[in-house]
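Shown next, in structure tokens, is the structure this report addresses.
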Ligand code: NAD
């Protein structure tokens, strides 16, 4: 793999998609650092991967924590090739009308702080090292970056905002750094919601089932986090990706090509 010995920083590597990305980039021969808020997940990562991963405990909403993670990559491995902004929270479909105004107010601040500010601060902290290495940034989006109903207004707006961030950063950092996004569909993970909405201990599969996820997807299966890692590997690779920047990949099992009569037009095949 041409990712061998590349150094990759992944936020939210403690579970779900982030954990699958940690495992996949290690498998590709990369050296991995992750910034993760949960102490319990940090120690689990260290047990599972040993020396292969450097797990930094910290919060993506804090610039100093992002800086510590980048500094750790540079001191341990001497370079940084890719920053993957991935840590995020959901809103369990909290709707405009059903959510009290004060919860919308505080929930917005908490959710946007993680999903949008966290990406911005990670980009700020990693940009100098990525300019040095002519590396790349990749941000985790969601089907909610394109379509309504994959969350409430807080989550959907945050993922749309991340698309704007990707485009602006791709512009500002060209020609040195490629900046792209990957938008997964629903998957079983530990994705939680804001404390402001009382959702800090509620994970996504308490609101969804694998059957419900499979039913709405034209490819008719319920993806696991590992199923989304391929596009990240491709985007991070200098060999496979010299030309994509400012691009967002819909990694959502065909969500956009739903038909009118059936979700999947080839169900009889
Ligand atoms: P997850 O909760 O399993 O993983 C997210 C990780 O980020 C957790 O380990 C969590 O502890 C960590 N984290 C949360 N807030 C943090 C903070 N402030 N600082 C540092 N770490 C923090 O959930 P996941 O589903 O793997 O989510 C990863 C990304 O995938 C998110 O951006 C999410 O929006 C996106 N996504 C998820 C789904 C889904 O159905 N699960 C669908 C589309 C997009």
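Every read-out reported here was derived from the displayed coordinates using simple, explicitly stated rules and does not represent laboratory data. Note that the structure is predicted; figures quoted are calculated from it, not measured. A quick note on method: Cβ atoms are made from the backbone with ideal geometry, for glycine too, and the neighbour counts reach across all protein chains shown.
Every residue, every condition in (1) under 14 Å from the mean Cα position of the chain (by Cα); (2) without any contact (Cβ under 8 Å) to a residue 40 or more places away in the chain; (3) within 24 Å of residue 190 (Cα to Cα), yes or no:
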| position | (1), (2), (3) |
| --- | --- |
| 72 | no, yes, no |
| 78 | no, no, no |
| 83 | yes, no, yes |
| 92 | no, no, yes |
| 103 | no, no, yes |
| 120 | yes, no, yes |
| 126 | no, no, no |
| 135 | no, no, no |
| 138 | yes, no, yes |
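The residue that is farthest from the chain's Cα centre (by Cα), counting only those in the stretch 213-249 that are assigned to a loop (DSSP other than H, G, I, E, B) and within 12 Å of the ligand (Cβ to nearest atom), is 217.
May I ask you to verify whether residue 5 is within 15 Å of the ligand (Cβ to nearest atom) and either within 22 Å of residue 235 (Cα to Cα) or not in a helix (DSSP H, G or I) (or both)? Taking the combined requirement at face value, the residue does not satisfy it. Answer yes or no as to whether residue 249 is in contact with a helix residue (DSSP H, G or I) (Cβ under 6 Å, 6 or more places away or on another chain) and either crowded, with 16+ Cβ neighbours inside 10 Å or free of Cβ contacts under 8 Å to residues at least 40 places away in the same chain (or both). In short, yes.
Would you call residue 135 buried (at least 23 other Cβ atoms within 10 Å of the Cβ) and within 14 Å of the ligand (Cβ to nearest atom)? Taking the combined requirement at face value, the residue does not satisfy it. Those residues that are touching a helix residue (DSSP H, G or I) at 6+ places or on another chain (Cβ under 8 Å) and closer than 16 Å to residue 79 by Cα, I need them from the stretch 2-25; list them, please. Listed by number, the residues that qualify are 3, 6, 7, 8, 9, 10, 25. For the stretch 190-212, taking the residues that are under 24 Å from residue 107 (Cβ atoms) and assigned to a helix (DSSP H, G or I), the one that is nearest to the ligand (Cβ to nearest atom) is identified as 204.
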